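Asker: Below is the structure I would like to discuss, written out as structure tokens.
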Amino acid sequence: MLSRKNPPTIYDVARSAGVSISTVSRVLNNPERVNESTRLHVLATIDELGFIPKAEARARALRSSGRVGVITPFFTAPSFVQRLRGVASVLTESNYELVIFTVDTLDRLQHYLDTIPLTHNLDGLILISVRVDEKTAERIIQHKLETVLIEYPLNVFSSVEIDDEEGGKMAARYLLGKGHSNFAFVGETNFPKYGINPISSRLKGFQQVLSESNVAFSDAHIWETPYHVDATRFVALERLKTAKMPLAIFSATDLQAIGVIKAVRQLGLRIPEDVSILGFDDLDIADYMELSTVRQPLDESGRVAAELLFSRMLDSNRPIQHIRLPLSLIERGTT
């Protein structure tokens, strides 16, 4: 048994796990180079011994303020920026630093989720639009790292979400109410494995209402486009050249809707007379572009997540809460 005066070292972890020091180092720094069973075995040993990497232990001892981490993919995407703005608005009122961990691969996400809890270098964690398996959730709880999820609810953590399928239904009902009978959907339904896929849920709700209304809508009406303005503009240019007018387009994101607007204008078509365009998100730029959209409260989701996190950080006995924020339809000049 290691005494309090002699905290466990990487050598202790290697000896207890029956592996080399380099293997322990790879688990901590390059987990993709370690097979799954070995990685989990070493992590279990780390948990059992209470090992904290030396650099992290020193950083923890030196810091004078609290720290809240946010793990997020698509860090520069406007919707994620607005969520982070909401989180930051709560943190600026307290003595807490915001630490952002960006995700671009499944391995990187798993590395963060494996190592962040054991360093004890954060007081709280917010996960935005990433998947967490039950075993990882158990480790986070074991290390007493208060955590809140945005867009991916789990029973063991508080969460903030919206009903994406209902958002798609709202879009369809609204466009049908405007008298449209010819539709297209713009969005990217192929998401990375580390992220959630709200776009498919929005499409599902949209299709359901059109089907219930006996409106023809096939795969040919689904325009798969990357989450990028110019890439969407390029796809929309090709599709609009042969599309039947008038046409109502539901874009799964405002950013892609802006790409459609640029394509429509480039072809000399009229908005909304020839092409009616409805987005989703209500980004800051949507008002500037006069874009009609299904509004999700992005800033508020970040604020609520941070408030839920702080409430549990102050009192871990407070109940887990799952909050679903309402959607609303904002009508502007594109519909």
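The values are calculated or read from the model by the stated rules, or taken from the named source; none is laboratory data. Source: prediction; values computed, not measured. Please note: Cβ atoms are built from the backbone with ideal geometry, for glycine as well, and neighbour counts cover all protein chains shown.
Asker: So, in region 232-259, of the ones that are of a type in the set (S, T, N, Q) and over 17 Å from L176 (Cα atoms), which residue ends up surrounded by the fewest Cβ atoms within 10 Å (Cβ to Cβ)?
Answerer: From region 232-259, those of a type in the set (S, T, N, Q) are 232, 242, 251, 253, 256; that's our starting set.
Those left that are additionally over 17 Å from L176 (Cα atoms): 232, 242, 253, 256.
On the way: T232: 27, T242: 6, T253: 25, Q256: 30.
In this case the residue turns out to be T242.
Asker: Please determine, by comparing only the residues of region 285-335 that are acidic (D, E) and part of a helix (DSSP H, G or I), which one is farthest from R202 (Cα to Cα).
Answerer: E307
Asker: Then there is this: For region 189-232, enumerate the residues that are modelled with pLDDT under 95, more than 30 Å from V132 (Cβ to Cβ) and small (G, A, S).
Answerer: A216, S218, A220, listed by residue number.
Asker: Just a yes or no: is a residue in region 112-124 in the same structural domain as V90 (by TED's automatic domain parsing) and within 17 Å of N317 (Cα to Cα)? It would help to see each step written out before you state the result.
Answerer: Filtering region 112-124 down to residues in the same structural domain as V90 (by TED's automatic domain parsing) leaves 112-124.
Restricting the remaining residues to those that are within 17 Å of N317 (Cα to Cα) gives 123-124.
Yes.
Asker: Which pairs have Cβ atoms under 6 Å, sit 6 or more apart or on different chains, and link a residue in region 320-333 that is modelled with pLDDT of 95 or more to one that is among the charged types (D, E, K, R) and outside any strand (DSSP E or B)?
Answerer: Taking only residues 6 or more apart or on different chains, the pairs are I330/D282; R332/E290; G333/E290.
Asker: Here's another thing I want to ask about it. Quick one: in region 112-146, of everything that is part of a loop (DSSP other than H, G, I, E, B) and polar (S, T, N, Q), which residue is surrounded by the fewest Cβ atoms within 10 Å (Cβ to Cβ)? Outline the logic, then answer.
Answerer: Of all residues in region 112-146, those part of a loop (DSSP other than H, G, I, E, B) come to 120-123, 129, 131-133, 143-145.
Still in the running and polar (S, T, N, Q): 121, 129.
Details: N121: 20, S129: 23.
The selected residue is N121.
Asker: Would you mention how many residues in region 120-141 are over 16 Å from the mean Cα position of the chain (by Cα) and under 19 Å from F157 (Cβ atoms)? Lay out the reasoning, then the answer.
Answerer: Filtering region 120-141 for residues over 16 Å from the mean Cα position of the chain (by Cα) gives 120-124, 134-141.
Remaining after also requiring under 19 Å from F157 (Cβ atoms): 120, 122-124, 134-141.
Qualifying residue count, region 120-141: 12.
Asker: Separate question: Go through region 290-316 and count every residue that is more than 21 Å from the chain's Cα centre (by Cα) and either on the phi > 0 side of the Ramachandran plot or buried (at least 19 other Cβ atoms within 10 Å of the Cβ) (or both). Let's see the steps before the verdict.
Answerer: Of all residues in region 290-316, those more than 21 Å from the chain's Cα centre (by Cα) come to 290-292, 311-316.
Adding the requirement that they be either on the phi > 0 side of the Ramachandran plot or buried (at least 19 other Cβ atoms within 10 Å of the Cβ) (or both) leaves 290-292, 312.
Total meeting the criteria: 4.
Asker: Now for a separate question. Please go through region 63-111 and pick out each residue that is within 16 Å of the chain's Cα centre (by Cα), surrounded by 15 or more Cβ atoms within 10 Å (Cβ to Cβ) and either among the basic types (K, R) or in a loop (DSSP other than H, G, I, E, B) (or both).
Answerer: F74, F75, A77, R83, R108
Asker: Filter region 136-150 down to the residues that are farther than 19 Å from D315 by Cα and in contact (Cβ under 8 Å) with a residue 60 or more places away in the chain and list them by number.
Answerer: Result: R139, I150.
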